[in-house]
Structure formats: C-alpha cells, structure tokens
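Report on the structure given below.
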Amino acid sequence: MKLFAFTKTAEISEAIKNAADAETAQQGAHSRFVAGGTTLLDLMKLNVETPDKLIDINRLDLSKIETTRDGGLSIGALVRNSDLANHPYVKSHFSVLSEALLAGASAQLRNMATTGGNLLQRTRCVYFRDTTFACNKREPGSGCPAIEGENRTLAILGTSDSCIATNPSDMNVALMALDATIKISGMKGEREVPIAEFYRLPGSTPHIENVLQPGDLITHVVLKAMPAGSKSAYLKLRDRASYEFALASAAVVVQVNSGKITGVQMALGGVGTIPWRAAEAEKVLAGASATEDNFRKAAEAALQAAKPQTQNKFKVELSKRCIVHALKTATSPTA
Amino acid sequence: MTATTEKSNSPIGRATNRIDGPLKVTGSAMYTSDHNFPGMLHAVPVFATIANGSINKIDTSDAERMPGVKGIFHRSNIGKLFRVAPNSDYNAFSDEDRPPFEDDIVRYYGQYVAVAVAETLEQATAAAHAVKVSYSEKKPNVDNKLKAESGVKVESERGDAQKAYDAAAIKIDETYITPAETHNVIELHSSVAVFDGTNYTLYETTQGVVNHRNVLAQMLGVEPESVKVISKFLGSGFGGKITPWTHSAIAAAVARKLRKPIKIVITRKMAFQSAGHRPRTEQRVRLGADSKGNLTSLQHDYVNHTAMIDEYKEECGECTKYLYSCPNLRITSGLAKRHIGTPTPFRGPGAVPGLFATESALDELAIKLKMDPLQLRIINEPVKDEGLNIPFASRNLIDCFKTGAEKFGWSKRDPRVGSMKRDGLKLGWGLAGASWIAERWPAEVAVELRDDGTAKVSTGTQDIGTGTYTVLAQVLSDKLGIALDKIEVVIGDSTLPPGPLSGGSMVTASLIPAVSKAADKVIGTLLNAAVKTPEAKYFDVDQKEMTYTAGVVHRKNEPASAGISFQKILSAGNFKFILGKGSSSSTFTDKPKESKHSYGAHFVEVTWQEEIARLRVSRVVTVIDAGKIINPKAGRNQIEGAVVMGIGMALFEQTHYEPTKGAPLNSNLADYIVPVNADVPDLEVHFLEFPNKQLNEYGARGIGEIGLAGFAAATANAVYHATGIRIRELPIKIEDLLR
Ligand SMILES: Cc1cc2nc3c(=O)[nH]c(=O)nc-3n(C[C@H](O)[C@H](O)[C@H](O)COP(=O)(O)OP(=O)(O)OC[C@H]3O[C@@H](n4cnc5c(N)ncnc54)[C@H](O)[C@@H]3O)c2cc1C
Ligand code: SF4
C-alpha cells in the first residue's frame, strides 16, 4: 500500500472540491472518496488502487432513506447495504432490491458497504487484482490475460477484445431493473443520470467504467414507484449457497394481467461487463402470456448476443435458466 | 455399541468439554503470532513473481531508505543456512528440503527471494513491495495433464492383474482426477524467533515441535539443544504444518543476524504459494469382475505432481491394496515435476484422493452389474489383508456400511437415475467406504504428583485444535483417579520429553501407553515415599502390601477410605512433587504381523434442482469405527469437520495455477471456494467402538483424517444417482452438470 493523505469532511461541497484536483475519477485516480472502504481498501492493499489522497465521506449527511411524493424512494449514498435491505418500505415496495442486497457479500460486509460504494465496486477478475499481471483495465494497453486464461467467472455480454470483466454487484442488477436514477454533485453542480446511462461498456477503454468526472460525488439513488400490481424476484446462482459473487443472476419486475404480461423490466448480473438490462427479453415478453415457453424464448433472446470465453460457456445456459426461474417465481400466484 | 466395560466414573468415553476452551473463548490462549517482545521487528518476505528462471539482481536501494526499515536480507547477506538430511525416523524431516535463499534459481511462483525487516508490519510490507527483483524468466511447466515422467514404481502386486482384467466378464477402465488443494487453515503460518546470542527460542505454528526443533537446528547449523520450539495453540494444521516451511528459517536467520526478536506472519496468498498443498492427482483405475460381482482384477495407476526438487508422493494406493478382496492386483505410482511449490500431507494424504478414485470406480462397477453398491462391497469383503497377507487386527467395514445403511434408510433407495424426488427436487443417494492407518509414533511422557493435590502430565506434542490437551487430561485422570480439573497438561514445547507428531491421526493412540506407564511409575514412587516417610501412617510397611486407589494410598487389605491422600503423604514427607516417566515405541515395522486400520462408511444425499442447476448436499450419515473414542465430543467434532471439508473437496475446492506465470491464481478466500455454513446440512455421525487393544489399553485409534476419506466419492456417486452424470474430476462444478 502506498502512503496517502487522509482527510475527513462533513460538507458535501468541501468533499467535492477536495477531490476535484484528480486527473480522473476512473482507474488511477489520485483522489478517492472512501465510504465503507470494503472495495477501496482491499484494492489499495493489493496496490491496484494507489490514491495519494483519501477523503472520508462518512460524515456527510447522506445516510437517509426517504419516500418521495410519488411513492418512490430517495436513498442517500451513505446508506449501508444492510440498512437498505432491511428497511420496511424497501422490503414491502422494492423487495427485489432487498433480496439482491441480501444475496450479496456477508452480513459484516453489508454493514459497512454503502449504496454509493456498491454502485462503484470493481470487478473480481483475478488479473485485475494482481499487479504482477497485465490488465487493460488497470494499466491501459497492457493486455488482457483473462481472454485466454482464467475466465470462468467473467462476462459473456458487453465484452470487448480489450476486457471481459464482470460487474460483480447484486444491488446494481436490481437498480437496473428498477430504472434507478443516480444523483451526482460535482464541480458544475448537480445532475441526474439514469442508471442505464451511468456505466460504460469496456470497448477499447475498460479503465473508464462510468460517467463520473473528477470531484463527482454520488449523493443519492432515486427510485420511482414500481407500476401498480408489480411483482418481482431476484435470483442469484453461484457455486456455494452463500457468500460468493454471482455466476448468473436476474432481477425481474413484472406486471401480469389475466395471464398476459403487461409490463416487464429485467436485468442480469454475473454475465455482463456492466449490470445488464435484458432489453431483448423484455421485448419478447411484452404482451406475451406468462408461460414457461415464453420465458424460455425471452431467455434465448437475452443471451442471443452472448460471447462466451474458453471457460464460461456454461454461463449462457445458466443465465437462461436463471431468467426462466426468476420469471416463474415472480409470476407465480404465491409471489 | 461398546465393546469395553468401563468404570462408571472414568472420564474415558465421556463427552468432555475442552479443558483449554475457556482460554480460547476468552482470547487468552497465546497463538504463535500473539507473542510480542521488546524490540521485536517485523519481517515480510519478498517472493518470486516468476515460477521458472533465475534472479539477475535484487535492488534494495529504495526499500532500504524507507521509514523504519532495518534491513533487506537475501542470499548474500542473511548468513548460512544448511540442508536437512531426510531421516527415516521421522524426527527431522521437511518437505521442502532446500533452505531459503540457497541459490539464485527460482523453481516456483512465490519462492522467497528476500525479506524486508522493519519496525512495524506496515513498514515491512511497504519495503517488501519496494524491493525490485529482476529475473531471467523461462516458461514454467504447470501443466495439468500428469504423466509419470521418470518411470512408474510398482507399489503392490499380486497375481496377474492384466491377464485377469483381459479375461474379466465385466470391466471398468476410467481415469479420476483430484485437483491441487490448499489447506487454508484459519491461523496463518507464522514464526516469532528470539535469539540471545547462544540459544534460539522459536514460537512456531507447527504440528511437531520436536521435528521442527530438529529441522531448524540443522538448517541453522547448531546443536538441537540450543533450539527451543514453542507451539502452545494452533489454529489448525490439516497437515500443512507438519513440516517447517521456509519462512521459519528466515525468521530465525534474521534474528541471528540482527539479534532482535523477529516476527513473520505469512499472508493468505503466500500460504497458497509456499506452504504446501495437496498435489493434483490423475488416477487410472481398472477393475475386472465376474458376472456375480466378484472382483478378479484391480489396477490402480496414479501420478501426482510434485515440485522441481522435492519428490513428494501422494500415496493414492494406500487403501487399495487391502480394502477389498481381489486375487489379481497391481498398483503403480509416478511423479510429474512442475514449477509449483512443494506439496505436503493434507488431511488423509493418499487415502483421500485415492478413495475418490477407487470408491467411484466401484460404484461404476455396481451400476454395470446392476447390483446395489453396498452388496458389491459385502461380496468382496476380504478375510485377511491380501496386500500383506496378514490378518486384520480389527476390521469392521461391513458393520460400518450396515449401520450406516440402516440409519440412512438405504433400503428405500430406488437405483434408477433421477427417480427419487422430494419437494420437487431430484435426490441422489451415494455411499463410499473409508479407511485409515492405525499406528503409533514413539512417545515419552512425564507425570508428576504434587503436594497441592494436583497432577501434571507433560510431553513434547502439541494440540492442533483436535483436543489433545483434553485427551491427555482424561487419560491421566483415568489412570490416577484424580478429577480432570486437578490435572495440568503441559505440551507444545520441544524441551519436554519428545512426544508424537500431530500427523497420521496417531497422537492419542501413541500417548496412551506412555501416560499409562508414567502414571504407574509415579504411583510406585508414591508408595515408596509413603513407606519411607516416618510422619505418614504407613512408615516401614512392606511396600508390597500397599496400593493406590483414586488419589489415596492404602493397604491392600483395607478399603481406600482408610488410607491417606497422596497430597498428605507428599506434604508429610516434604516432597514438592514426585515424578514418573513413561514411553512407548512406534508400531511401524517392515514386517507387521497384523493389519491395523480404522474403517468407515459415508452415506450422502444430494438434491438436484435441474431448472437452476443447483446441487446441494442435503443429508449425510457417517459411521466410523476407530476403536474406543476417548472424548466423543471432540471425536464427533473431528468427523463433522472432516465431512465439511469433504463437501469442499467434492464441490468447491481447487487451486488454479496460471499457465504463463505459474502463479496460484485464486490465492484468497474469496476466489478459493470452501463450504460456508449454508452448504452444510445436519451431519449424523456414529461411532462403532470396536477396540484395538494392540495399540493401547483402551483400544483407541485415530479419528482426525478418516472422516474425509471416501466422502468425495460418496458425493460423486450420489450425483450420478440424481443426474446420470458421472463426474471423474473434482470438484463437481455447475458446468459439469449443465449438459
Ligand atoms: C469478500 C467480499 C465479498 C463480496 N461479495 C459481494 C457479493 O456477493 N455481491 C455484491 O454485490 N457485492 C459483494 N461485495 C462487494 C461489496 O458489496 C462492495 O465492496 C461494497 O458495496 C462497496 O461499498 P463501500 O461503501 O465499502 O465502498 P468503498 O470501498 O468505500 O468505495 C468503493 C469506490 O466507490 C467510491 N465511492 C464511494 N462512495 C462514493 C460516493 N458517494 N460518490 C462517489 N464515489 C464513491 C470510492 O471512492 C471507491 O472508489 C463483496 C466484497 C467483499 C470484500
Ligand atoms: S478482463 Fe478486464 S479486468 Fe480482467 S484482465 Fe482483462 S482487462 Fe483486466
């Protein structure tokens, strides 16, 4: 770990100003906010993140969960994953988010992890985390050993020749299905970015993962109320029963009216380089009847563009089964 | 089922809480890295980031200038370290024979090339990272395909296995693979070395304080008397701490150089690289049987990977030679050298990977024969150890199977693949046998009776978490008839009478006779003191008329209640304490007269939810006959722990070596998957306690390893029953079942 300066602040504007001198808010940033620290400190110990300056934002007033006038939610960036998952309104009105959060990490980690930090957690690609290897995401242009190497857990959707790393988050998958909006404060003021526009595909610049600029602070995540009659489910598949990142996961929010699907939002985890909105599957399902056959067709559509690597071909089928089962669960009469 | 009659107040066989439990739960048990000394420095190794090649240059200039740094040591400045000559008595052996920094050649990724020493761990870590090492790098060989490279060795042979195989009515010819596994003990390997100019005191994480002392003395080039090794509590070993690893010699050598106490705690990553692992094995099993299921031929040819300069053999054929009756058998072994750190024993070495292969193959044979796999075992039950042509000392494998079958409900099994269901899940039921050696290491024990009414037992063994403290107290309590809380157990120190290595599941069996003899000796000394002490009431009585019962000295012809407590006699005679020593010998011999083993059987149920490819172990019944169980509480804990490890072996664990650099890639506990609580169902454990009195008077054998043996095969057999997919390479992964 490199020596670094450590500052604390209770003022949002000061935090932003303090971070704004960095050249980038992406890989290699010289200033970093630290929230729960469960991603950042881990990577600093591995010398993958080498900031000169840490700005502790835990004292900012961003720890509230508030309902909005239309029945949605405004979630402060510092709300802990465990508090969010166990919040009564989240459990009753956004259970898919609660389920996704509780499927992630461990109780101890969830107690530390924050909403903002979770949005920005980094890939678990083993090469990214080991500085003795090349990695385009960590050192642009150095190469991607994962493509020929250890790629069992890596992505099959949204990959490029430069990078196939998975976005490992569970929470982000639910937020993607819920069409969350991310509120950002920066040097130029406040702005709102739909989550669908927040992440960037790796393309030839895998070190740039999202739209954040130096000084940008995520302040809130805002959710609209789910359409009336919505049912939802989050399903996570992995090797062991708990405390492991997803091999495949699916978050579905669906409205069914007399056997017909009148609306659906679906996102996939564990398979995409970013939290993956399954737009093609949604198209197949829109207006279709809620049958297993149609679910399977939707799953086929969702994985149509999948590009498996040497070790992760199984994820194509696994992801399809995950989608079908999540849809079955969400549309079952007891859901 | 207890075959011994016992005194009702004897602690032997009574479920007993660990006597060291309070120390552990209050955090006051001193583990190795808990030791701190004034002026102590922290050392952090710098490891090679290539697996094959040589060191060109070690540039320490930046690192040396960093805050708190006291030195960067490597081949040219650490001082001389010597090799250890392997010896057949197992009292000075190390798996990695090359002392650290011996030459500039790098033979595996993670080999230590230097060490940074500083005032704090953080400073030393930063300095280690700042050391720049340049290498001449060659492509490493960490190839997963294993072939016997320098010929095969015939391990056991009888009849003509090939001829019988060719003629057999039913044949199985399959290859089974078990991956490299890393022990991943909770307590990381560490050393705290203190050197006073003459003597070394080494606090170590070791499963053998005496062996560790002898090895380190040789490496440092000093007499064993000037080295003392302490290991009071261990956060487990699983075989990974049987022999010293190179960080230990580095700590001692730096302490010698700087005359300061030195602490090294290796990282989890280093533990994957340079502190041993179970090597990968590739095992071809060929079975021939007649149409009734009698085995006519058994061939087991196995190869394991080993390091470039250490020939570690994983004895996969260990159990094959005696487990079932078969007139024609041939077992061969071979080694494949790889640019990987030195392998080492891992809980149940040999038997564990070996039984995965043979017990899977037997299941495949039973399916071909359309025969119940339990019946196949019964048919092929031998009447003697056919490998050595000697009788069994105790063999109750079929009892284990039958008891397990009854507890599990095996008779309700429908053999058709995928036919059994519960709650919409497919069920798979599988079984497999287990076996493990039952021998003794040599042991010496000292017992004291003290004038405060307490007793002490001491020996240079160690408690690796299995409950040795408690077992020693129980045995002495039984021998002396003194309450457990009046007994002090002192172990974990190489200056004590040499005790057994915690390896091979033999500590308990080895210690019992020695404790027993030491107790008899101390009682003799006590009786002698009684009749020679004028102040005591038995002065000048013929010692032959005297006896000892439960802490009391009395005449043989009077009840114990008429006697005097030993405490009073010692006080009266002005004795602070009296001492008795006992020893017992190793039972290993080239020509054993009896075949001594423990046996067991696992019954495993898996659930298979095909629509989401979810496989879980849902029910386990394990029956073990390991003779008398001294402490059923600790015993059960051993078997349950082994079964949990078995779930890991069957479904999750494997160390991946990256082909270009040879690095173990998943060298952390997020990427090396082990079972979590949610993966473990309720485990049912039963002991059949057929005693083996040849080993010791209670007939206790070992239980540390047998619980893992066979488990992976029982799981793979259950998976076949549920899915129709035969997995011959561990672990059983989702992708294998998603066909
Ligand atoms: C062993 C382990 C297992 C895990 N398993 C899972 C799992 O199964 N599923 C899962 O989803 N996650 C898992 N996680 C990841 C965990 O969810 C994340 O580490 C956590 O959510 C990150 O939140 P944090 O507050 O600790 O982030 P930090 O580490 O504090 O920050 C992460 C990044 O976000 C930046 N940041 C933080 N807050 C803000 C803000 N408000 N504005 C701008 N930038 C900000 C930081 O500068 C940093 O770059 C696991 C983590 C570990 C260590
Ligand atoms: S997949 Fe991405 S993160 Fe992994 S090695 Fe390649 S470039 Fe790096």
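The values are calculated or read from the model by the stated rules, or taken from the named source; none is laboratory data. Everything quoted here is computed from the prediction, not taken from an experiment. FYI the Cβ positions are ideal-geometry reconstructions off the backbone, even for glycines, and counts take in every protein chain you see.
Residue-wise test of (1) closer than 16 Å to B:Gly110 by Cα; (2) touching a residue at least 12 places away in the same chain (Cβ under 8 Å); (3) basic (Lys, Arg); (4) in the same structural domain as B:Leu355 (by TED's automatic domain parsing).
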| residue | (1), (2), (3), (4) |
| --- | --- |
| B:Trp245 | yes, yes, no, no |
| B:Ala252 | no, yes, no, no |
| B:Leu258 | no, yes, no, no |
| B:Arg268 | yes, yes, yes, no |
| B:Gly276 | yes, yes, no, no |
| B:Glu282 | no, yes, no, no |
| B:Val285 | no, yes, no, no |
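Within the bounds of region B:632-653, is there any residue that is among the acidic types (Asp, Glu) and facing chain A (nearest Cβ under 10 Å)?
Step one: filter region B:632-653 for residues among the acidic types (Asp, Glu), giving B:640, B:653.
Filter once more, so that each one left must be facing chain A (nearest Cβ under 10 Å): none.
No, that holds for no residue.
Is it the case that region A:100-114 has a residue that's of a type in the set (Ser, Thr, Tyr), surrounded by fewer than 21 Cβ atoms within 10 Å (Cβ to Cβ), away from ligand 1 (no atom under 14 Å from the Cβ) and at pLDDT 95 or above? Let's see the steps before the verdict.
First, pick out the residues of region A:100-114 that are of a type in the set (Ser, Thr, Tyr): A:106, A:114.
After this cut, where a residue has to be surrounded by fewer than 21 Cβ atoms within 10 Å (Cβ to Cβ) as well, the list is A:106.
Checking which are away from ligand 1 (no atom under 14 Å from the Cβ) leaves us with none.
Taking every residue of region A:100-114 in turn, none turns out to be of a type in the set (Ser, Thr, Tyr), surrounded by fewer than 21 Cβ atoms within 10 Å (Cβ to Cβ), away from ligand 1 (no atom under 14 Å from the Cβ) and at pLDDT 95 or above.
Quick test for you: out of A:Gly143, A:Gly189, A:Gly203, A:Gly149, pick the one residue that is farther than 30 Å from A:Ala233 by Cα, away from ligand 2 (no atom under 16 Å from the Cβ) and either surrounded by fewer than 24 Cβ atoms within 10 Å (Cβ to Cβ) or over 16 Å from the mean Cα position of the chain (by Cα) (or both). Before the answer, list the steps.
On the way: A:Gly143 fails: away from ligand 2 (no atom under 16 Å from the Cβ); A:Gly203 fails: away from ligand 2 (no atom under 16 Å from the Cβ); A:Gly149 fails: away from ligand 2 (no atom under 16 Å from the Cβ).
Unique residue meeting the criteria: A:Gly189.
Any residue in region A:117-129 that's farther than 11 Å from A:Ala35 by Cα: show its pairings with residues that are near ligand 2 (Cβ under 6 Å from one of its atoms) and of a type in the set (Gly, Ala, Ser) at Cβ separation under 6 Å, as long as the two are six or more apart or on different chains.
A:Thr123/A:Ala165; A:Cys125/A:Ala146; A:Cys125/A:Ala165; A:Tyr127/A:Ala146
Picking from A:Thr50, A:Thr114, which residue would you name as being within 14 Å of chain B (Cβ to nearest Cβ) and either small (Gly, Ala, Ser) or away from ligand 2 (no atom under 16 Å from the Cβ) (or both)? Walk me through it before giving the result.
Working: A:Thr114 fails: within 14 Å of chain B (Cβ to nearest Cβ).
Criteria check complete, one pass: A:Thr50.
What about A:Ser319, is it within 12 Å of another protein chain (Cβ to nearest Cβ), under 20 Å from B:Leu738 (Cα atoms) and part of a helix (DSSP H, G or I)?
On the way: within 12 Å of another protein chain (Cβ to nearest Cβ): yes; under 20 Å from B:Leu738 (Cα atoms): yes; part of a helix (DSSP H, G or I): yes.
Spelling it out, A:Ser319 is indeed within 12 Å of another protein chain (Cβ to nearest Cβ), under 20 Å from B:Leu738 (Cα atoms) and part of a helix (DSSP H, G or I).
Could you please find all residues in region B:671-714 being more than 14 Å from every other protein chain (Cβ to nearest Cβ) and hydroxyl-bearing (Ser, Thr, Tyr)? First the steps, then the outcome.
Initial filter on region B:671-714 (more than 14 Å from every other protein chain (Cβ to nearest Cβ)): B:682-714.
Scanning region B:671-714 gives a single hit, B:Tyr698.
Report, by residue number, each residue of region A:144-166 that is more than 11 Å from chain B (Cβ to nearest Cβ) and over 19 Å from B:Asn668 (Cα atoms).
Within region A:144-166, A:Cys144, A:Ile147, A:Ala155, A:Ile156, A:Leu157, A:Gly158, A:Thr159, A:Ser160, A:Asp161, A:Ser162, A:Cys163, A:Ile164 meet the criteria.
Only one of these is of a type outside the set (Gly, Ala, Ser), within 12 Å of another protein chain (Cβ to nearest Cβ) and not in a loop (DSSP other than H, G, I, E, B): A:Leu101, A:Leu109. Name it. Before you say what the answer is, go through the steps one by one.
Details: A:Leu101 fails: within 12 Å of another protein chain (Cβ to nearest Cβ).
Residue meeting the stated conditions: A:Leu109.
For region B:525-618, please list each of the strands (runs of 3 or more DSSP E) lying entirely inside it that holds at least 3 residues being within 14 Å of chain A (Cβ to nearest Cβ) and in contact with a strand residue (DSSP E or B) (Cβ under 7 Å, 6 or more places away or on another chain). Explain how you work it out, then say what you get.
On the way: elements: B:546-549, B:552-555, B:577-584, B:595-609.
So the answer is B:595-609.
Quick check: anything in region A:161-169 more than 9 Å from ligand 2 (Cβ to nearest atom) and β-branched (Val, Ile, Thr)?
Applying the first criterion (more than 9 Å from ligand 2 (Cβ to nearest atom)) to region A:161-169 yields A:161, A:167-169.
Filter once more, keeping what is β-branched (Val, Ile, Thr): none.
Checked against the condition, which is being more than 9 Å from ligand 2 (Cβ to nearest atom) and β-branched (Val, Ile, Thr), region A:161-169 yields no hits at all.
Just the residues that are surrounded by fewer than 20 Cβ atoms within 10 Å (Cβ to Cβ) and assigned to a strand (DSSP E or B), please, taken from region A:6-32.
Correct list: A:Phe6, A:Thr7, A:Lys8.
Among the listed residues A:Val222, A:Val254, which satisfies the condition of being surrounded by fewer than 21 Cβ atoms within 10 Å (Cβ to Cβ) and assigned to a strand (DSSP E or B)? Reasoning before the result, please.
On the way: A:Val254 fails: surrounded by fewer than 21 Cβ atoms within 10 Å (Cβ to Cβ).
From the options A:Val222, A:Val254, the qualifying one is A:Val222.
Of everything in region A:14-31, what is in contact with a strand residue (DSSP E or B) (Cβ under 8 Å, 6 or more places away or on another chain) and more than 23 Å from A:Glu139 (Cα to Cα)? Give them in sequence order.
A:Ala15, A:Ile16, A:Asn18
Here is a check on your reading of the model: is B:Glu448 of a type in the set (Asp, Glu), at pLDDT 95 or above and under 27 Å from the mean Cα position of the chain (by Cα)? Steps first, please.
Details: of a type in the set (Asp, Glu): yes; at pLDDT 95 or above: yes; under 27 Å from the mean Cα position of the chain (by Cα): no.
Answer is no for this residue.
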